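The values are calculated or read from the model by the stated rules, or taken from the named source; none is laboratory data. In this text, all values refer to a predicted model and were calculated from it rather than measured experimentally. Neighbour counts run over all protein chains shown; Cβ positions are idealised from the backbone, glycine included. Surface accessibility is based on the protein's heavy atoms, side chains included, excluding ligands, DNA and RNA. Shrake-Rupley method; radii C 1.70, N 1.55, O 1.52, S 1.80 Å.
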Amino acid sequence: MLDVKRIRKDFPIYQNNKDMAYLDNAATVLKPKIVLDKMNEYYTNFGVNIHRGVYKLSYLATQAYEKGRSKVASFINASFEEIVYFKNASEALNFVALTWGEANLQEGDEIITSELEHHSSVLPWQQLALRKKAVLRYLKLDESGRITVEALKEIINEKTKVVALTLVSNVFGYITPIEALIKEIRKYNCLVVVDAAQGIAHLPIDVKKMDCDFLAFSSHKALGPTGLGVLYGKKDILKGIKPLFYGGDMIDNVELYDSTYREMPYRFEVGTPAIAEVIGLGYALDYLKDIGLDNIKKHEQELTCYALEKMKDLKHIIIYNHNPDLGIIAFNLDGVHPHDVATFLDTDNVYVRAGHHCAQLIAKKLEIVASLRASFFIYNDKEDIDKLIRALKKAISFFYQGE
Amino acid sequence: MDNLRNLYQAVIMDHYHNPHNKGLKGYPKMHLKNPACGDDITIEAEVQDGVIKHINHQGNGCSICCASASMLCLLMEGKSVSFAKKEISKFYDLVQGKDGDYDSLGDANSLAGVAKFPARIRCATISWKALEMVLEGDVDEEKEI
Ligand SMILES: Cc1ncc(COP(=O)(O)O)c(C=O)c1O
């Protein structure tokens, strides 16, 4: 287990919410002080625009900003020009469909995705398929709801042009066997887009080894600030893509009736970027690296085992994922609406998610309207889980009175 | 725990488990959905000579949302439109914790505890909003709330 007591000292939110059990980490994670401090330092000491001024402060800001990009690149083993910033993972994933997809997809082409996807991973392709009269195909999840190589083999074919899949399910905490899938996909000529939003802070990612074409994640799920998303794109593929947005910062030479634009990644980033956020994310990734992605994964797995062991003794509980790979447990109390349960937990400062978790397709497959989701991270300990269990017991004894 | 007991009073759970006027009969209706949480309620009402002759509900949601719809129907059936409008606006005050005399709301009075749970106010008001829209003539549509 990680030294949770020590880690919590790095997260100022715990000082203001002393007895909270924050178990909604799949939605967003809390921020360490170093990230807040570094963002503040930018605003306080050299908070000016980048890439423009030739004065000292602008130089400092530009350097800090670009250092952020280097850190992102090295975190996932990409190169500097392969990292493009957006507002969040959702926007980054849309960008791929709107640029590469718009330019390359034709009527009758096939796109493969899964019912496990977050809306942001599937909807850009669903809508593109409608516009292009392309065919959207869902690979068959196995009985526990996992994406498998066998299922991919069943539907991939010469017409497949895009495979868009999540690296980690935000509902079940399953890790997609992405490397094995991509080996299979490479037998065909198609693009692989990986939604790593739920994976970035939970397992080591090496885009070279993975051999994906695009990979997206959000800063806020990796200890960084909100309002910033990252898209990794393979150099050769990014080179072939035209900008989606035009204006300041992304241009090279502007003439009255046409213009040229800058090198990658800058040609894809229009206007003043999220400077403080980019700086903050760099330090967030440093923090993750210091703890170690493998250690994080192990910590989550231990907590998950502990939680599942305790939960399985509760009456009326339905667990939807008995063997998650990471710290996510999806469950319900039989016959009780998850919002009612969540309010009970809320009263004891146990914060979990209740809803469809932006993954309505899987909720529909399970034929449930909504569920509860507890998700764990580096600052959670067994005491948090005990709190969850105690609060659940209260809810159970209330909603099943007289039993 | 007190706040919780207040929120989930027996009368509320009773409406939840044994709802009044559940099931649509084909009167003018409004379907409201809260995409964030999945609450999904349809209210239908037939108004004749300024009186709500029939009112029914149908849908899915948490206990607060469903119980509230049941209480709404129980309260409004046979009442005048002007009474209904007055009570709807009183109900909005009630769930926001404003002081007032709410006896005329009947069982719906028991939803006052929602005020302590701001995240749940929308659960309680969704059916009331739907009726408000039906009475305004905003019908046969599906809307987000
Ligand atoms: C698997 C997955 N993909 C994509 C996203 C979208 O992230 P964002 O809302 O930051 O764009 C999320 C976040 O909920 C997610 O869990």
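Here are the numbers:
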read-out	value
Region B:2-144: relative contact order in percent, alpha carbon pairs under 8 Å with at least 6 residues between	31
Karplus 3J(HN,Hα) series, Hz, for region A:165-170 with 6.51 cos²θ - 1.76 cosθ + 1.60 (x for Gly, Pro)	9, 8, 7, 9, 6, 7
Minimum 10 Å² accessible area buried by the other protein chains, region B:9-39 residues, probe 1.4 Å, relative to alone	B:MET13, B:TYR16, B:PRO35, B:ALA36, B:CYS37, B:GLY38
Candidates B:GLY61, B:GLY23, B:GLY38: whichever shows maximal mean-square fluctuation once chain B is modelled as a Gaussian network with Cα springs under 10 Å	B:GLY38
Listed residues A:HIS316, A:ILE175, B:ASN3: farthest to the positive end of the dipole of the protein assembly as shown (Cβ charges)	A:ILE175
A:ILE251-B:ASP49 FRET efficiency (beta carbon distance; Förster radius 56 Å; 0.05 resolution)	0.25
Cα shape, region A:167-256, gyration tensor, a/c 1.5 rule	oblate
Phi to ³J(HN,Hα) by Karplus 6.51 cos²θ - 1.76 cosθ + 1.60 over region A:293-304, Hz, x for Gly, Pro	4, 5, 5, 4, 4, 5, 4, 4, 5, 5, 4, 5
Residues with amide H under 5 Å from that of A:LEU223, placed H, sequence gap 5 or more	A:VAL29
Rg and Dmax of chain B, Cα atoms only, in Å	13.9, 46
Among B:GLY38, B:TYR92, B:GLN48 the positive-end extreme of the charge dipole of region B:2-144 (Cβ point charges)	B:GLY38
Inter-chain Cβ neighbour average for residues A:336-349, partner chain, 10 Å	5
Listed residues B:SER127, B:SER82, B:SER110, most fluctuating in chain B (Gaussian network, C-alpha, under 10 Å)	B:SER82
Antiparallel bridge percentage (DSSP; both residues within chain B; nearest 5)	75
R0 of 51 Å, Cβ-Cβ distance A:ASP258-A:ASN157: FRET efficiency to nearest 0.05	0.80
Protection proxy ranking, peptides A:218-225, A:22-29, average beta carbon neighbours within 10 Å, highest first	A:218-225, A:22-29
Accessible area buried between chains A and B, both sides summed, probe 1.4 Å, in Å² to nearest 100	1300
Within-15-Å neighbourhood charge of A:MET264 [Cβ basis; K, R +1; D, E -1]	-2
Global geometry of region B:63-145, whether rounded, prolate or oblate, following the gyration tensor of its Cα atoms and the 1.5 cut on a/c	oblate
Using a Förster distance of 35 Å, the FRET efficiency for B:GLU141-A:LEU244 (Cβ separation, nearest 0.05)	0.50
Antiparallel content of DSSP bridges confined to the protein assembly as shown, in %, to 5	60
For region A:46-87 and region B:88-117, distance of Cα centres in Å	53
Relative contact order of chain A, pairs being alpha-carbon contacts under 8 Å that are 6 or more residues apart, as %	23
Cα gyration tensor shape of region A:1-140, rounded if a/c is under 1.5, else prolate or oblate by comparing a/b with b/c	oblate
Helix A:119-132 vs. chain A, principal-axis angle (Cα, 0 to 90°, nearest 10)	50
Under 5 Å, built H, 5+ apart or other chain: amide partners of A:ARG137	A:ILE111, A:ILE112, A:THR113
Segment A:ASP294-A:ASP37, length gained on full extension (0.36 nm per residue, minus Cα span)	89.9 nm
Mean accessible surface per residue for the protein assembly as shown, computed with a 1.4 Å probe while every protein chain stays in place, in Å²	43
Residues listed by number, region A:40-79, amide nitrogen under 18 Å from A:GLN15 label point at 7 Å toward C-beta	A:40-41
Within region A:35-289: Cβ-based charge dipole about Cα centre, in debye rounded to nearest 20 (Lys, Arg +1; Asp, Glu -1)	200
Surface share of carbon and sulfur [accessible, 1.4 angstrom probe, percent] for region A:271-397	49
13 Å beta-carbon shell around B:ASP101, net charge (K/R +1, D/E -1)	-1
Mean Kyte hydropathy of 0.0 or more with a Cα span along the axis of at least 18 Å, helices from DSSP in chain B	B:63-76, B:81-95, B:121-135
Translational diffusion coefficient (Stokes-Einstein; Kirkwood radius from C-alpha pairs) of region A:279-403 at 37 °C, 0.692 mPa s, in µm²/s	210
Model label zone, A:LYS365; criterion: amide N under 12 Å from point 7 Å along Cα-to-beta-carbon; scope region A:150-164	A:151-152
For chain A: span of alpha carbons on each principal axis (Å, largest first)	79, 55, 33
Separation of the A:HIS119 and B:ASP101 label points, Cα + 7 Å toward Cβ, nm	4.5
Compactness of region A:79-146 as Cα Rg over 2.2 N^0.38 Å, two decimals	1.23
In Hz, Karplus ³J(HN,Hα) per residue of region A:389-400 (6.51, -1.76, 1.60; θ = phi - 60°; x = Gly, Pro)	5, 4, 5, 5, 4, 4, 4, 5, 5, 6, 6, 10
Degrees, to the nearest 10: A:275-291 long Cα axis against longest axis of chain A	50
